[in-house]
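Undergrad: To start, I am sharing the structure in question, which I have written as structure tokens.
The values are calculated or read from the model by the stated rules, or taken from the named source; none is laboratory data. Fair warning: this is a prediction, and the values are worked out from it, not measured in the lab. Heads up, the Cβs are rebuilt from the backbone with ideal geometry, glycines too, and the neighbour counts pull from every protein chain shown. All accessible areas refer to the heavy atoms of the entire protein, side chains included, with ligands and DNA or RNA removed. Shrake-Rupley method; radii C 1.70, N 1.55, O 1.52, S 1.80 Å.
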Amino acid sequence: MRKILLFLAVLILISGFAFAQENVIPVKIVEFPLPSSARTYEISEYRSFVEMDRPFMGDGFSCRFAPFTSADISDYSYDTEGEAIVFKRVENVEKTESIGTVFFTAKFQYIVCQEGAEPVVHNFSTVGNGTTAEQALDRCFRNAAIHVSDIAGSISVRPAPFTVSSMVSGEYILSCGKKDKIAKGDEFHVYSKRNGQDIGKLFAVNVKDDITFAQPIHLKDQIIAGDGVEKVRMIGFGANFYYDRIFGDDLNCFGAYLEFFRFFRAFRFLVGTEHISGLDDNCWNIYGGLKTMWHLGYVDLSSLIYIGRGYADSDYRYTGGSIKLLAEFTPIDWIKIGLETGYSKWLADHDNDYPNYGGFLLGAGITLRF
């Protein structure tokens with residue numbers, strides 16, 4: 001019994017260690033030489049300044065300092081996958097005095113570089129006050145550590161081109177916009193900044209010049225600020241191929257339509273054609289219509305309405321259309337599999353030789369998105 005308990009304890013420790021290792025973000029910090037205004041006050045000797053990078057050494061970070069050899073970012077290499085290089089620069093330190101109080105203002109710059117992502121520059125300044133210069137400087141650097149904590153939170157295990165900035169009124173604000181060629185209706189994968197896992201998808205509902213408001217399609221975990229966001233790269237077209245069984249007249253319908261979904265939020269236009277077999281003369285229909293969509297977790301629920309003309313015996317002889325309700329599941333980004341039901345009706349053009357046809361329908365289809 002003791003051996004079993006010991007074995008279980010070892011397994012728990014190993015799994016815990018493996019999980020912790022999976023969540024560690026390797027970080028290198030390169031500290032630029034201090035400017036003359038900072039050296040004047042010998043700030044490098046202050047413990048609060050030395051420990052400014054402590055937030056990078058917390059849970060989820062494996063931090064080490066690299067020697068400063070060049071001001072060119074490209075001269076520093078990435079040793080491990082997912083590693084981030086943080087360049088710290090003190091721009092300026094200013095001292096002001098009033099009766100009985102000393103103020104210090106320090107301006108900092110942090111540049112976070114990571115493989116697969118554009119460098120992110122963080123500029124900020126902090127102020128500290130005290131009865132002595134030492135006390136004021138110490139408070140100034142302690143305030144700076146709070147900002148460094150925010151910067152550390154922006155580093156992700158899996159770097160992505162964009163991030164989730166915040167959440168407002170049930171919508172997520174993304175750090176991308178029209179300048180990044182984002183359009184309404186675009187979809188995004190969201191990656192946890194701590195473990196790099198894909199935790200869900202968002203779609204753009206409102207796009208500004210430099211930010212995008214997005215709503216969830218489906219989420220496997222809670223999204224927090226700093227999570228990575230990567231756009232699903234598509235032109236914006238979907239080609240749907242479907243089969244419907246039209247009951248009542250016992251007809252078979254084989255069809256296809258093309259929809260365009262970029263720049264649209266909940267609806268999109270479509271054009272298509274379908275072949276009706278089971279009539280005395282086989283009929284081809286061409287049509288145009290509108291498709292609306294709602295995201296319900298992993299299932300997309302859509303309604304379709306379209307009208308068109310039917311071609312039979314070398315001429316257009318029918319006018320009609322269909323109303324459908326479609327439920328689709330998306331196993332991968334570029335494929336949707338769906339089931340549909342609805343009603344179709346096509347009327348002959350005042351010609352008794354060609355009967356009207358239609359009825360309730362049930363069918364299935366597949367959509368290829370590109």
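Undergrad: Out of the residues in the stretch 13-47 that are open to solvent by 90 Å² or more (accessible area, probe 1.4 Å) and β-branched (Val, Ile, Thr), state the one that is modelled with the highest pLDDT.
TA: Here the residue is Thr40.
Undergrad: Continuing with the same structure: If Ala106 passes every condition in (1) over 23 Å from Ser175 (Cβ atoms); (2) buried (at least 16 other Cβ atoms within 10 Å of the Cβ); (3) modelled with pLDDT under 90 but one, which one does it miss?
TA: (3)
Undergrad: Oh, and also: Got a number for residues in the stretch 85-103 being over 15 Å from Ala66 (Cα atoms), open to solvent by 30 Å² or more (accessible area, probe 1.4 Å) and in a strand (DSSP E or B)?
TA: Matching residues across the stretch 85-103 total 9.
Undergrad: Taking Ala183, is it over 20 Å from the mean Cα position of the chain (by Cα) and either touching a residue at least 60 places away in the same chain (Cβ under 8 Å) or within 30 Å of Phe49 (Cβ to Cβ) (or both)?
TA: No, not satisfied.
Undergrad: Scan the stretch 185-195 for residues that are at pLDDT below 90 and of a type in the set (A, V, I, L, M) and report the count.
TA: 0
Undergrad: Moving to a separate point now. Among the listed residues Asp198, Asp209, which satisfies the condition of being under 26 Å from Ile85 (Cα atoms) and either modelled with pLDDT of 90 or more or hydroxyl-bearing (Ser, Thr, Tyr) (or both)?
TA: Sole residue among the options that is under 26 Å from Ile85 (Cα atoms) and either modelled with pLDDT of 90 or more or hydroxyl-bearing (Ser, Thr, Tyr) (or both): Asp198.
Undergrad: Counting just the residues of the stretch 298-325 that are open to solvent by 80 Å² or more (accessible area, probe 1.4 Å) and more than 28 Å from Asp280 (Cα to Cα), which one comes out modelled with the highest pLDDT?
TA: Among those that are open to solvent by 80 Å² or more (accessible area, probe 1.4 Å) and more than 28 Å from Asp280 (Cα to Cα), it is Leu325.
Undergrad: Mind checking which residues of the stretch 326-356 are assigned to a strand (DSSP E or B), more than 17 Å from Tyr287 (Cβ to Cβ) and of a type outside the set (Lys, Arg)?
TA: The answer is Ala327, Glu328, Phe329, Thr330, Pro331, Ile332, Ile335, Ile337, Gly338, Leu339, Thr341.
Undergrad: Also, quick follow-up: Return the only residue of Val50, Val93, Val86, Val10 being out of contact with any Ser or Thr (no Cβ under 6 Å at 6 or more places or on another chain) and modelled with pLDDT of 90 or more.
TA: Val86
Undergrad: Among the residues of the stretch 99-117, are any small (Gly, Ala, Ser) and within 29 Å of Thr40 (Cα to Cα)?
TA: yes
Undergrad: Yes or no: the stretch 139-158 includes at least one residue that is of a type outside the set (A, V, I, L, M), under 30 Å from Phe370 (Cβ atoms) and open to solvent by 20 Å² or more (accessible area, probe 1.4 Å).
TA: The answer is yes, given that some residue of the stretch 139-158 is of a type outside the set (A, V, I, L, M), under 30 Å from Phe370 (Cβ atoms) and open to solvent by 20 Å² or more (accessible area, probe 1.4 Å).
Undergrad: Go through the stretch 48-84 and give me each residue that's in contact with an Asp or Glu (Cβ under 8 Å, 6 or more places away or on another chain) and either open to solvent by 30 Å² or more (accessible area, probe 1.4 Å) or β-branched (Val, Ile, Thr) (or both).
TA: Cys63, Phe65, Phe68, Thr69, Tyr78, Glu81 - these are the residues of the stretch 48-84 that are in contact with an Asp or Glu (Cβ under 8 Å, 6 or more places away or on another chain) and either open to solvent by 30 Å² or more (accessible area, probe 1.4 Å) or β-branched (Val, Ile, Thr) (or both).
Undergrad: Further question: Name the single residue, out of those in the stretch 165-191 being within 15 Å of Ile224 (Cβ to Cβ) and of a type in the set (Val, Ile, Thr), that is most open to solvent (accessible area, probe 1.4 Å).
TA: Only one residue tops the list, namely Val168.
Undergrad: Name the one entry in Leu270, Leu290 that is farther than 30 Å from Val120 by Cβ and open to solvent by less than 30 Å² (accessible area, probe 1.4 Å).
TA: The conditions single out Leu270.
Undergrad: Take Phe56 and decide whether it is assigned to a loop (DSSP other than H, G, I, E, B) and closer than 30 Å to Ala136 by Cβ.
TA: Taking the combined requirement at face value, the residue does not satisfy it.
Undergrad: Can you tell me which of Leu219, Leu202 is among the aliphatic types (A, V, I, L, M), in contact with a strand residue (DSSP E or B) (Cβ under 6 Å, 6 or more places away or on another chain), closer than 30 Å to Ile155 by Cβ and open to solvent by less than 10 Å² (accessible area, probe 1.4 Å)?
TA: Leu202
Undergrad: Here is a list: Leu258, Leu251. Which entry is open to solvent by less than 20 Å² (accessible area, probe 1.4 Å), in contact with a strand residue (DSSP E or B) (Cβ under 6 Å, 6 or more places away or on another chain) and more than 13 Å from Gly308 (Cβ to Cβ)?
TA: Selected residue: Leu251, the only one of Leu258, Leu251 that is open to solvent by less than 20 Å² (accessible area, probe 1.4 Å), in contact with a strand residue (DSSP E or B) (Cβ under 6 Å, 6 or more places away or on another chain) and more than 13 Å from Gly308 (Cβ to Cβ).
Undergrad: Let me ask you something else. Write out, first by first residue and then by second, each pair whose Cβ atoms fall under 6 Å of each other, whose residues are 6+ apart or on separate chains, and whose first residue, in the stretch 320-341, is within 17 Å of Gly289 (Cα to Cα) while the second is part of a strand (DSSP E or B) and among the β-branched types (Val, Ile, Thr).
TA: The qualifying pairs are Gly321/Ile307; Ile323/Ile305; Leu325/Thr341.
Undergrad: Have a look at Arg245, Arg262 and point out the one that is touching a residue at least 40 places away in the same chain (Cβ under 8 Å), assigned to a strand (DSSP E or B) and basic (Lys, Arg).
TA: Arg245
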